[in-house]
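No lab work stands behind these numbers, since they all come straight from the coordinates. Source: prediction; values computed, not measured. Cβ coordinates were reconstructed from backbone atoms using ideal geometry, including for glycine residues, and neighbour counts include every protein chain displayed.
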Amino acid sequence: MAKAWAGPVLGYTGTIHPDRVDVELVEAVARKMRAGSVVLVGPNMLPGDQSERLRKCGNVFLPGPVPYAEIPNIMRAFDVCITPHRVTAFTESLNPIKLWEYLAAGKPIVSTDVAGFRDYPQFVRIASGADEFLAAAEAGMREGPHLRPARRAEARRHSWAGRVDQISAVLETCGAKRKQPA
């Protein structure tokens, strides 16, 4: 599948839903790219006309859903992980699970200004509009591998094991406070 994608590859994983993905932004970025591909991997919930508009760009690929276990292999083909979400109350309510996956991949990340992503300016480039989004992606491609270890370390902090450790620490603190005489 990934062999069909000309590089550089700007890649997204997740549900491709019109309330979430900014189709106009994706289309504009794809049309402005001199070379490369925009790949949106996941269940495609877009109306037919929006999917067709993206396909007509010639460099946008909508391969559909893949088994979750395959996501790391798919992401290896990405040069930059993207989150071209609409900025709405809905996207503000989302838990940024995608952020932890992208950080675990160690790849550069470009996102619109949505919940979770804006909280990590050391790892995520926030952009609005096609020109800014594409410029941020190009900057990500030039950054080199120096941020990969830090991105992966941050992702580990948010793994299930990392979260259990955080909860355990809180519970231990609460238990210690209870044992103290009043």
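Here are some notes:
- Amide proton proximity set for V41, modelled H, under 5 Å, gap of 5+: Y12, T13, G14
- For the chain, calculated [θ]222 nm from helices alone, where every DSSP H run of n ≥ 4 adds -39500 (n - 2.57): -13000 deg cm²/dmol
- Across region 99-107, coupling constants 3J(HN,Hα) worked out from phi with the 6.51/-1.76/1.60 Karplus curve, θ = phi - 60°, read 4, 5, 5, 5, 4, 4, 6, x, 7 Hz, and Gly and Pro carry x.
- Two-site label geometry, K3 and A89: point separation in nm, points 7 Å out along Cα→Cβ: 4.9
- With the convex hull drawn over the C-alpha atoms of region 1-72, the volume per residue is 82 Å³.
- Note on the chain: Cα-only Rg and Dmax are 18.5, 71 Å.
- ³J(HN,Hα), Karplus 6.51/-1.76/1.60, whole Hz, each residue of region 113-123, x for Gly, Pro: 7, 10, 3, x, 5, 5, 7, 10, x, 6, 10
- Each distinct pair of alpha carbons in region 53-149 adds a 1/r term; the inverse of their mean, the Kirkwood radius, is 14.3 Å.
- Between region 35-76 and region 104-159, the Cα center-to-center distance that results, in Å: 20
- Relative contact order computed over the chain (Cα-Cα under 8 Å; 6+ residues apart), in percent: 20
- Straight-distance crosslink candidates among aspartates and glutamates, where the alpha carbon sits under 18 Å from K98 and sequence neighbours closer than 8 are dropped: D19, D22, E70, D79, D113, D119, E154
- Whole-Hz ³J(HN,Hα) from phi, Karplus 6.51 cos²θ - 1.76 cosθ + 1.60, for region 74-90, glycine and proline x: 4, 5, 4, 7, 7, 8, 9, 8, 10, 10, x, 7, 5, 9, 9, 4, 4
- Mean Cα-pair separation over length for region 1-44, i.e. relative contact order, pairs under 8 Å, 6 or more apart, %: 61
- For V9, residues with placed amide H under 5 Å, excluding near neighbours: S37, D79, V80
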